[in-house]
Amino acid sequence: MRSAGILVFRKVDGRTEVLIGHMGGPFWARKDDGAWSVPKGLIEDGEDPLAAARREFREELGLPAPAGELLPLGDVKQSGKTVTLWAVEGDLDPDAVVPGTFDLEWPPRSGKTRQFPEVDRVAWFTVDDARVKLVKGQRAFLDRLPA
C-alpha cells in the first residue's frame, strides 16, 4: 500500500513551522503527542502519486494545497505502507479548515456506524514541536525540509 501527502511549511521569525492535523475518531481522541499527521491518504490504483497527494489534502482539510513549488521529501515506511510526501511553502488559516469525514462502526461490534472527521483540529507547530506531535513514522520528513 502507498500513501501520498503534502506538508505545508512557513518561515516565522527565522523558524520553520509546519501545518499538521490531529487525527480524528475515537482512537485518537484522548491522545496528543504522537497523534498528529501530515494530510495524506491512499493512492488509488493507477493514480499519479502527486495527484493523490493533492486530492487527499483537499479531502482531509477541505482546502486546496497552497500554490507554490512542490519539493519532494521522498518516502518513508509507516505502519506497513510507503508514504510519499511533498512540501510546499505557504500559509493556511487553521480556522478555515473544513475536514472531510469517514465512517466507522462505533462502539466496536455495536452494528452502529458513526461519522468522524478525518482531522479534528489543525495547527502550526515549530519543527521541534512537530517532532513530538507527529506519529513516529512521519518524523523523518521533518529532517528533509529545506533549511
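The values are calculated or read from the model by the stated rules, or taken from the named source; none is laboratory data. Everything numeric here is computed off the predicted structure, so don't read it as measured data. So basically every Cβ, Gly included, is an ideal-geometry build from the backbone, and we count neighbours across all protein chains shown. In case anyone asks, the SASA skips ligands and DNA or RNA and just uses the protein heavy atoms, side chains included. Shrake-Rupley method; radii C 1.70, N 1.55, O 1.52, S 1.80 Å.
Consider VAL127 carefully, then state whether it is open to solvent by 60 Å² or more (accessible area, probe 1.4 Å), hydrophobic (A, V, I, L, M, F, W, C) and modelled with pLDDT of 95 or more.
Working: open to solvent by 60 Å² or more (accessible area, probe 1.4 Å): no; hydrophobic (A, V, I, L, M, F, W, C): yes; modelled with pLDDT of 95 or more: yes.
Considered against the rule, which asks whether it is open to solvent by 60 Å² or more (accessible area, probe 1.4 Å), hydrophobic (A, V, I, L, M, F, W, C) and modelled with pLDDT of 95 or more, VAL127 comes out as no.
Okay, residues lined up against (1) within 23 Å of THR113 (Cβ to Cβ); (2) at pLDDT 95 or above:
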{"position": "SER3", "(1), (2)": "no, yes"}
{"position": "ILE6", "(1), (2)": "no, yes"}
{"position": "LYS11", "(1), (2)": "no, yes"}
{"position": "GLY21", "(1), (2)": "yes, yes"}
{"position": "PHE27", "(1), (2)": "yes, no"}
{"position": "PRO39", "(1), (2)": "no, yes"}
{"position": "GLY46", "(1), (2)": "no, yes"}
{"position": "ALA51", "(1), (2)": "no, yes"}
{"position": "GLU56", "(1), (2)": "yes, yes"}
Query raised in the report: Inside the stretch 56-107, can you point out the residues that are of a type in the set (A, V, I, L, M, F, W, C), in contact (Cβ under 8 Å) with a residue 60 or more places away in the chain and touching a Phe, Trp or Tyr at 6+ places or on another chain (Cβ under 7 Å)?
Result: LEU70, LEU71, LEU73, VAL76, LEU85, ALA87, PHE102, LEU104
Query raised in the report: Looking at the stretch 81-105, which of the residues that are part of a loop (DSSP other than H, G, I, E, B) and touching an Asp or Glu at 6+ places or on another chain (Cβ under 6 Å) is surrounded by the most Cβ atoms within 10 Å (Cβ to Cβ)?
Result: PRO99
Query raised in the report: Of the residues in the stretch 40-87, how many are closer than 20 Å to ALA140 by Cβ and basic (Lys, Arg)?
Result: 3
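Any chance you could count how many residues in the stretch 108-125 are in contact (Cβ under 8 Å) with a residue 40 or more places away in the chain and in contact with a Ser or Thr (Cβ under 7 Å, 6 or more places away or on another chain)? Spell out the reasoning first.
Step one: of the stretch 108-125, the residues in contact (Cβ under 8 Å) with a residue 40 or more places away in the chain are 116-125.
Restricting the remaining residues to those that are in contact with a Ser or Thr (Cβ under 7 Å, 6 or more places away or on another chain) gives 116-118.
Within the stretch 108-125, residues that are in contact (Cβ under 8 Å) with a residue 40 or more places away in the chain and in contact with a Ser or Thr (Cβ under 7 Å, 6 or more places away or on another chain) number 3.
Which residues, taken from the stretch 96-139, are of a type in the set (Gly, Ala, Ser), under 13 Å from the mean Cα position of the chain (by Cα) and more than 14 Å from PRO39 (Cβ to Cβ)?
We begin by selecting, within the stretch 96-139, every residue of a type in the set (Gly, Ala, Ser); these are 96, 100, 110-111, 123, 130, 137.
Checking which are under 13 Å from the mean Cα position of the chain (by Cα) leaves us with 100, 123, 130, 137.
Scanning the stretch 96-139 gives a single hit, GLY137.
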Query raised in the report: Picking from VAL119, VAL132, which residue would you name as being surrounded by fewer than 14 Cβ atoms within 10 Å (Cβ to Cβ) and aliphatic (A, V, I, L, M)?
Result: VAL132
